Structures are given as structure tokens and as C-alpha cells.
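Student: Quick one: the structure is below, questions incoming.
The values are calculated or read from the model by the stated rules, or taken from the named source; none is laboratory data. Quick caveat: nothing in here was measured; it's all calculated off a predicted structure. With ideal geometry, Cβ positions are generated from the backbone for all residues, glycine too; neighbour counts draw on all protein chains shown. Ligands, DNA and RNA are stripped out before the accessible areas are found, and what is left, the full protein with its side chains, is counted by its heavy atoms. Shrake-Rupley method; radii C 1.70, N 1.55, O 1.52, S 1.80 Å.
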Amino acid sequence: MKCVVINGTEQKGCTYNLKEIFIDELKPEQLTEFYLPKDAPAYCTGCKTCFMKSETLCPHYQKVNPIWQAMLESDLIVFAYPVYVLRAPGHLKSLLDHLGVHWFAHRPDPKMFDKTAAIITQSIGAPNRSAQKDVETSLNWLGVSRVKKIGFGMMEGVIWDEISKKRRNRFEKKVRAFANRFKNLRSAKRSLKTKFIFKMCKIMQSTLSKNTLPGAEISVDLQHWINNGWITRSG
Ligand SMILES: Cc1cc2nc3c(=O)[nH]c(=O)nc-3n(C[C@H](O)[C@H](O)[C@H](O)COP(=O)(O)O)c2cc1C
């Protein structure tokens, strides 16, 4: 199995230790890791060049592309991050913003459609749900149907080594059981949700196609849908 991990912190703390246990249990044949904010792109400037021309012309392409390529090449995409102010950390959101060009609404990559993703989060004690949703929503719109999540409340503190052995053992047991769910991974089936989003976007591109006069310039998004055989030029 090929696995990419996008770490939402460079700290070798709680998130890191939970993720290390996950990888130790999973033992993927190939592992690629990124650590944010170090490997994160700078904030999207809103230039829209990715949408209008090509993502290769994005000022942050050199940072975004290695992560995107690793996601495309992996069977399992793992996001491991701490909860910051009840949400995903800002540098993670910055990466997700740059991936918007590959959402169903623009130029989805069919390689994403049968992938599986895992989200591992932890907080001091706040609910992890909204922070997980930030990433899950992006993954669904990128075409990933199967997204499994696990979240923890550290409760006793935010320094991993200061958390009691008993509690850390309990975390370890849960993370190992979670990792076991990804062993012998098969291609994911398209979920109703991603099928629905795809259908809506197909209607949108078909309408754009009908409204584009013969001989007029076709948008790069529309051309992508035509090239993939999802719509015909006649709509
Ligand atoms: C900027 C910042 C914001 C945080 N916000 C929350 C929060 O809203 N709720 C919470 O329970 N923990 C919060 N935490 C704690 C983290 O979720 C996490 O438990 C802590 O940073 C330890 O993780 P680490 O060892 O992986 O860095 C925050 C931490 C930071 C640095």
C-alpha cells in the first residue's frame, strides 16, 4: 500500500505520537510525509490563475504540487493534525484552498475517485468534529468517497510525555484498532454524496457548454470535462 501523511504540525507531540502509532500498525509499503507549516504553500492570493489558465502557473505551485502528486499516487491519504480554535489549523486550510482547482466544481482528477482517507485529530478536550469536517469536506469535493475519522481529547495536558501511561495506552489501543481498518485496503466505491456532487457539477458544465457558441473559447474547466469524456461538446 502507498500512503501519504499530511501532518498538520511539526511538533513531535501528541499528534505526532498518535500518527506514529498508526503508521507502526499499518506498515505501508511506501510512505511519503509532509509536515505543515514547513511544507505548506503560502496563502492563496486569489489570483484565480489556476481556475482560468493552469494550476502550474500558481505562484505557490512548487509547494502545492509535490503534495498533490503524492496524494494522487497514494492508496491511502492520511491527515493528522491538532484542533486549533475548534477547527483545522490555518496552514492546513491554506493547502486545502490551493486544492480547490481539483474540486468537482472545476477539474477533478479521476485518480481520486477510488481512494481512501483517514483523518486523525486531537485536542485538549474540545470536540474534534468541526476540525475534521474542514478536511473531510475538501476530500469529498476532491472525489474521495471513503473518509474515516478518529479524534481524541488529551484531557490531562498537551505534552505527550506528561500524559499518564494508562491514558496513552488507551489511545494506542484505539489508534491501532483504527489502523487495522485500513489493512488489505480495496478501492473505495463511489458514495451517494460524491455521486450527487459530481452529477450537479456535470449539469453545470453541460449548461456552460451549451452557452458556449461554436468557435468561442472554451474554459479550461469545461475542456477538462470534455477531455475526460464526462460531457460532449453538444452537452
Ligand atoms: C493555536 C492553538 C489553538 C488550540 N485550540 C484548541 C481548542 O480550541 N480546543 C482544544 O481543546 N485544544 C486546542 N488546542 C490544543 C491542541 O488541539 C493540541 O492538543 C495541542 O496543541 C497539542 O498537540 P501537539 O502536541 O500535537 O502540538 C490548541 C492549540 C494551539 C497551539
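Student: Of all residues in the range 107-129, count the ones that are part of a loop (DSSP other than H, G, I, E, B) and either within 16 Å of the ligand (Cβ to nearest atom) or of a type in the set (Ser, Thr, Tyr) (or both).
Tutor: 5
Student: Please determine whether any residue of the range 52-60 is under 25 Å from Met204 (Cβ atoms) and of a type in the set (Asp, Glu).
Tutor: yes
Student: Let me ask something additional. Scan the range 1-18 residue by residue and report those that are more than 16 Å from the ligand (Cβ to nearest atom) and open to solvent by 10 Å² or more (accessible area, probe 1.4 Å).
Tutor: Those that are more than 16 Å from the ligand (Cβ to nearest atom) and open to solvent by 10 Å² or more (accessible area, probe 1.4 Å): Met1, Lys2.
Student: Is it true that Asn140 is touching a residue at least 24 places away in the same chain (Cβ under 8 Å), farther than 20 Å from Leu72 by Cα and open to solvent by less than 40 Å² (accessible area, probe 1.4 Å)?
Tutor: Considered against the rule, which asks whether it is touching a residue at least 24 places away in the same chain (Cβ under 8 Å), farther than 20 Å from Leu72 by Cα and open to solvent by less than 40 Å² (accessible area, probe 1.4 Å), Asn140 comes out as no.
Student: Does the range 151-161 contain at least one residue that is open to solvent by less than 80 Å² (accessible area, probe 1.4 Å), within 16 Å of the ligand (Cβ to nearest atom), in the same structural domain as Glu73 (by TED's automatic domain parsing) and within 16 Å of the chain's Cα centre (by Cα)?
Tutor: no
Student: Continuing with the same structure: Check off (1) more than 14 Å from the ligand (Cβ to nearest atom); (2) open to solvent by less than 20 Å² (accessible area, probe 1.4 Å); (3) farther than 16 Å from Lys93 by Cα for Ala40 and give me the number that stays unchecked.
Tutor: (3)
Student: Please count how many residues of the range 162-186 are open to solvent by 30 Å² or more (accessible area, probe 1.4 Å), part of a loop (DSSP other than H, G, I, E, B) and within 16 Å of the ligand (Cβ to nearest atom).
Tutor: Total satisfying the criteria: 1.
Student: Looking only at the range 27-54, how many residues end up being touching a helix residue (DSSP H, G or I) at 6+ places or on another chain (Cβ under 8 Å) and either without any contact (Cβ under 8 Å) to a residue 12 or more places away in the chain or outside the structural domain of Ser94 (by TED's automatic domain parsing) (or both)?
Tutor: Number satisfying all stated conditions: 1.
Student: So, in the range 127-137, exactly how many residues are surrounded by fewer than 18 Cβ atoms within 10 Å (Cβ to Cβ) and either free of Cβ contacts under 8 Å to residues at least 40 places away in the same chain or over 18 Å from the mean Cα position of the chain (by Cα) (or both)?
Tutor: Final tally of qualifying residues: 4.
Student: Looking at the range 120-160 only, could you name the residues that are acidic (Asp, Glu) and modelled with pLDDT of 95 or more?
Tutor: Within the range 120-160, Asp134, Glu136 meet the criteria.
Student: Tell me which of these Ser145 doesn't satisfy, since it passes every other one: (1) closer than 30 Å to Lys53 by Cβ; (2) without any contact (Cβ under 8 Å) to a residue 40 or more places away in the chain; (3) hydroxyl-bearing (Ser, Thr, Tyr).
Tutor: Among (1) closer than 30 Å to Lys53 by Cβ; (2) without any contact (Cβ under 8 Å) to a residue 40 or more places away in the chain; (3) hydroxyl-bearing (Ser, Thr, Tyr), the lone unmet condition for Ser145 is (2).
Student: Can you name every residue in the range 213-235 that is in a helix (DSSP H, G or I) and open to solvent by 80 Å² or more (accessible area, probe 1.4 Å)?
Tutor: Asn227 - this is the single residue of the range 213-235 that is in a helix (DSSP H, G or I) and open to solvent by 80 Å² or more (accessible area, probe 1.4 Å).
Student: Please verify whether the range 198-212 includes one or more residues that are over 28 Å from the mean Cα position of the chain (by Cα) and crowded, with 17+ Cβ neighbours inside 10 Å.
Tutor: Among the residues of the range 198-212, at least one is over 28 Å from the mean Cα position of the chain (by Cα) and crowded, with 17+ Cβ neighbours inside 10 Å, which makes the answer yes.
Student: Could you tell me whether any residue of the range 19-26 is open to solvent by less than 30 Å² (accessible area, probe 1.4 Å), within 16 Å of the ligand (Cβ to nearest atom), within 14 Å of Ile67 (Cβ to Cβ) and in contact (Cβ under 8 Å) with a residue 12 or more places away in the chain?
Tutor: Within the range 19-26, none of the residues are open to solvent by less than 30 Å² (accessible area, probe 1.4 Å), within 16 Å of the ligand (Cβ to nearest atom), within 14 Å of Ile67 (Cβ to Cβ) and in contact (Cβ under 8 Å) with a residue 12 or more places away in the chain.
Student: Quick one: which of Val78, Val85 is buried (at least 19 other Cβ atoms within 10 Å of the Cβ) and within 16 Å of the ligand (Cβ to nearest atom)?
Tutor: Checking each option against the conditions leaves just Val78.
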